[in-house]
Amino acid sequence: MSEPQNIIAVVYDFDHTLSPQYMQDQTILRHAGIEPQEFWDSCTALIKERGYDQELAYMKRMLEHDAIRSLSNRDLQRMGAQLSFFPGIPECFGELNAIVQQPKYREWDVHLEHYVVSSGLEAVLAGSEIAKWTKAVWGCRFDEEDGHISFPKRTISHTQKTQYLFRVNKNLLDADQDVNDHMPEEARRVPFRHMIYVGDGPTDVPCFTVIKKNGGLAVAVYNPDDPTRRSFKKCYDLTHHADRVHFMAPADYRSGSQLRLILEQHLTEIADGIVERRRQAIAATRVAAPPP
Ligand SMILES: [Mg+2]
């Protein structure tokens with residue numbers, strides 16, 4: 001069955017894309033009184049010396065602390081309220097939605113959806129301000145035993161993140177559904193050309209590549225207040241040296257910013273394209289009445 005393909009999706013990374021800090025630093029580590037640099041150094045040691053995956057390394061290190069191991073997923077979710085964001089988040093979500101809510105698009109049932117896919121913790125994101133604006137948030141998950149987080153249940157590495165772009169594309173939002181099932185292009189709910197991916201660095205390269213190769217828009221953002229300029233340099237390299245993204249812009253989501261102009265311009269172009277295609281499809285089904 002063919003889909004109307006009237007949906008536009010913006011998919012965001014979280015750490016350093018929507019928020020200037022790592023989510024763990026602002027929530028769980030602060031709760032447990034752990035110094036973030038020491039914590040991340042101890043994770044790097046696991047990765048380098050014992051071959052751990054990045055996500056399993058931080059989840060293991062967390063479970064080594066009593067103050068963290070005693071938490072439940074519900075506790076993690078509550079901590080989501082402490083997350084901080086770049087300027088313009090979360091207002092930006094509603095303001096972008098307003099673009100497709102104009103009568104000229106509503107008449108053709110054009111919709112905008114927001115998704116977040118992160119290698120951080122899904123429970124924390126689910127309790128944050130952004131959750132109410134997103135159709136889905138995906139991240140790593142802890143299992144629970146006796147009301148305490150116990151073991152990693154699911155991890156999302158930067159290469160696995162691309163799987164979630166296909167979940168949006170095919171509308172297989174439940175992680176239990178097999179995303180590899182074949183689906184013809186016309187049966188896909190959100191074609192890649194209707195998708196925008198916003199990320200901040202090398203860990204987003206697989207997603208940028210999938211999006212760009214399939215006709216979507218890839219946007220890299222950087223923290224303009226980072227005095228080390230590392231954040232800017234990551235974006236500069238992605239844009240200029242690696243040709244991974246279409247645009248780079250400061251992570252300022254407020255109305256009138258460069259990022260907002262890029263997002264709004266592209267959204268409008270996609271929405272106009274959807275209207276045009278739907279109009280043509282209807283015109284093609286109309287058979288001219290015979291002359292009297
Ligand atoms: Mg990031």
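The values are calculated or read from the model by the stated rules, or taken from the named source; none is laboratory data. Quick caveat, the model's predicted, so the values are computed rather than measured. Cβ placement follows ideal geometry from the backbone for every residue including glycine, while neighbour counts extend to all protein chains displayed.
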Checked against (1) of a type outside the set (Phe, Trp, Tyr); (2) surrounded by fewer than 21 Cβ atoms within 10 Å (Cβ to Cβ); (3) within 16 Å of GLN177 (Cα to Cα), LYS161 satisfies every condition except (2)
Q. Would it be correct to say that ASP176 is among the charged types (D, E, K, R) and closer than 30 Å to ASP109 by Cβ?
A. yes
For the stretch 1-26, pairs from a residue that is closer than 22 Å to PHE192 by Cβ and of a type in the set (S, T, N, Q) to a residue that is part of a helix (DSSP H, G or I) and within 16 Å of the ligand (Cβ to nearest atom), with Cβ under 8 Å and 6 or more apart or across chains, are THR17/ASP204
Picked from the stretch 102-125 (must be without any contact (Cβ under 8 Å) to a residue 40 or more places away in the chain and either closer than 22 Å to ASN171 by Cα or in contact with a Ser or Thr (Cβ under 9 Å, 6 or more places away or on another chain) (or both)), the residue nearest to the ligand (Cβ to nearest atom) is GLU122
When restricted to THR209, THR203, the only residue polar (S, T, N, Q) and away from the ligand (no atom under 15 Å from the Cβ) is THR209
The number of residues in the stretch 180-191 that are surrounded by fewer than 16 Cβ atoms within 10 Å (Cβ to Cβ) and part of a loop (DSSP other than H, G, I, E, B) is 4
Selection from the stretch 126-179 of residues more than 24 Å from LEU217 (Cα to Cα), touching a Ser or Thr at 6+ places or on another chain (Cβ under 9 Å) and assigned to a strand (DSSP E or B) yields CYS140, ARG141, PHE142, ASP143, GLU144, HIS148, ILE149
Across (1) modelled with pLDDT of 95 or more; (2) of a type outside the set (A, V, I, L, M); (3) in contact with a Lys or Arg (Cβ under 9 Å, 6 or more places away or on another chain), PRO227 clears everything bar (3)
Subset of the stretch 61-98, residues part of a helix (DSSP H, G or I) and β-branched (Val, Ile, Thr), comes to ILE68
Looking across the stretch 212-237 at residues that are within 16 Å of the ligand (Cβ to nearest atom) and under 15 Å from LYS161 (Cβ atoms), the single one that is surrounded by the most Cβ atoms within 10 Å (Cβ to Cβ) is ALA220
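Among PHE14, PHE85, which is within 16 Å of the ligand (Cβ to nearest atom), surrounded by fewer than 21 Cβ atoms within 10 Å (Cβ to Cβ), aromatic (Phe, Trp, Tyr) and within 21 Å of ILE262 (Cβ to Cβ)?
On the way: PHE14 fails: surrounded by fewer than 21 Cβ atoms within 10 Å (Cβ to Cβ).
Residue meeting the stated conditions: PHE85.
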If we take the stretch 192-292, then strands (runs of 3 or more DSSP E) inside it with 3 or more residues that are closer than 26 Å to ILE156 by Cβ, over 19 Å from the mean Cα position of the chain (by Cα) and not polar (S, T, N, Q) are none
* Asked: Looking at this structure, is PRO90 surrounded by 14 or more Cβ atoms within 10 Å (Cβ to Cβ), farther than 23 Å from ARG260 by Cβ and in contact with an Asp or Glu (Cβ under 6 Å, 6 or more places away or on another chain)?
  -> no
Of the listed residues (ALA57, ALA32), the one being surrounded by fewer than 20 Cβ atoms within 10 Å (Cβ to Cβ) and either at positive phi or touching a helix residue (DSSP H, G or I) at 6+ places or on another chain (Cβ under 7 Å) (or both) is ALA32
Of the conditions (1) closer than 16 Å to SER157 by Cα; (2) over 26 Å from the mean Cα position of the chain (by Cα), the single one that TYR22 does not satisfy is (2)
